[in-house]
Every structure is written in C-alpha cells, then in structure tokens.
1. Can you give me the number of residues within segment 54-76 that are basic (K, R) and modelled with pLDDT under 95?
2. Check L14, L42 and return the single one that is under 19 Å from the mean Cα position of the chain (by Cα), modelled with pLDDT under 70 and assigned to a helix (DSSP H, G or I).
3. Give the number of residues within segment 53-67 that are part of a loop (DSSP other than H, G, I, E, B) and within 25 Å of the chain's Cα centre (by Cα).
4. Collect the residues in segment 77-111 that are of a type in the set (V, I, T) and under 19 Å from the mean Cα position of the chain (by Cα), keeping them in residue-number order.
5. Test K29 against the stated conditions and say whether it is touching a helix residue (DSSP H, G or I) at 6+ places or on another chain (Cβ under 7 Å), surrounded by 10 or more Cβ atoms within 10 Å (Cβ to Cβ) and at pLDDT below 90.
Amino acid sequence: MLQILLLFFAFLALLHVVYELCLGLSVYKSSEFYLSREKFNLMERIFGKNLRAIRIHLGLNQANFAKPLGITGGYVLEIERGNIKKPSLPVIMAMKNKYQVNTNFLETSVG
C-alpha cells in the first residue's frame with residue numbers, strides 16, 4: 001500500500017512538472033507575441049518620425065509636402081503621429097520619385 005501511495009505522489013509530482021513546463025511555454029509564447037507586437041508598433045512610429053524628419057529637412061509644411069503626392073496634409077500628420085501604419089505603396093513610390101526619399105530609411109532609420 002505504501003508503494004502505491006509513493007507511486008501516486010511521484011506521478012502527481014511529474015504531472016505538476018509537466019503542467020509548469022506547459023505554463024512556462026505559454027507565458028513565453030505570449031510574451032514573445034507581446035514583444036513582436038511592441039517591435040511592430042515601434043516600426044510604425046519610426047516610419048512617421050523619419051517622414052517628419054525628411055519633410056522638415058526639405059523645409060516643407062505638411063500640406064506642401066502632401067500636395068504633389070496627391071494626399072492631404074492631414075494624412076501626412078496621421079502618418080507622422082503613427083496613427084496610419086504605413087502609407088500605400090503608390091504613395092511611398094511617389095515620395096521616392098518626387099523627393100528622392102530613401103524608402104529603407106523611412107522604415108528602418110538606416111540608409
């Protein structure tokens with residue numbers, strides 16, 4: 001009887017270890033998702049900040065920067081604030097062509 005109880009408690013201890021491992025993995029996965037989400041949000045803000053830096057370097061206000069691109073100054077404002085994730089590819093290509101913007105710099109601050 002004692003051996004059966006010892007085996008039972010050993011089995012419970014093993015279940016507890018497996019449970020803790022699974023819980024640890026789920027916490028790790030959720031924190032990994034959180035970190036990747038934070039990284040994504042940071043990238044969105046970098047795009048807007050870099051766009052603002054380029055616009056100011058060119059000496060343009062938001063409306064004057066936006067007009068040749070076929071967008072509004074308010075749209076540029078929303079990009080710079082990070083409220084718009086990333087403008088469409090045609091808008092990015094228009095920035096590249098009109099202002100010789102390095103699209104790699106916009107997205108990564110490198111280039």
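1. First, the residues of segment 54-76 that are basic (K, R): 55, 67.
Retained after the next criterion (residues that are modelled with pLDDT under 95): 55.
Matching residues across segment 54-76 total 1.
2. Details: L14 fails: under 19 Å from the mean Cα position of the chain (by Cα).
Result: L42 is the single residue among L14, L42 that is under 19 Å from the mean Cα position of the chain (by Cα), modelled with pLDDT under 70 and assigned to a helix (DSSP H, G or I).
3. Narrowing segment 53-67 to residues part of a loop (DSSP other than H, G, I, E, B): 58-61.
After this cut, where a residue has to be within 25 Å of the chain's Cα centre (by Cα) as well, the list is none.
Qualifying residue count for the region: 0.
4. Taking segment 77-111 first, the residues of a type in the set (V, I, T) are 79, 84, 91-92, 101, 103, 108, 110.
Matches in segment 77-111: I79, I84, I92, T103, T108, V110.
5. Values: touching a helix residue (DSSP H, G or I) at 6+ places or on another chain (Cβ under 7 Å): no; surrounded by 10 or more Cβ atoms within 10 Å (Cβ to Cβ): yes; at pLDDT below 90: yes.
When the stated conditions are applied, K29 does not pass them.
The values are calculated or read from the model by the stated rules, or taken from the named source; none is laboratory data. Computed from a prediction, not measured in an experiment: that's the story for all the values here. Methodologically, a virtual Cβ is constructed for each residue, glycine included, from the backbone with ideal geometry; neighbour enumeration extends over all protein chains shown.
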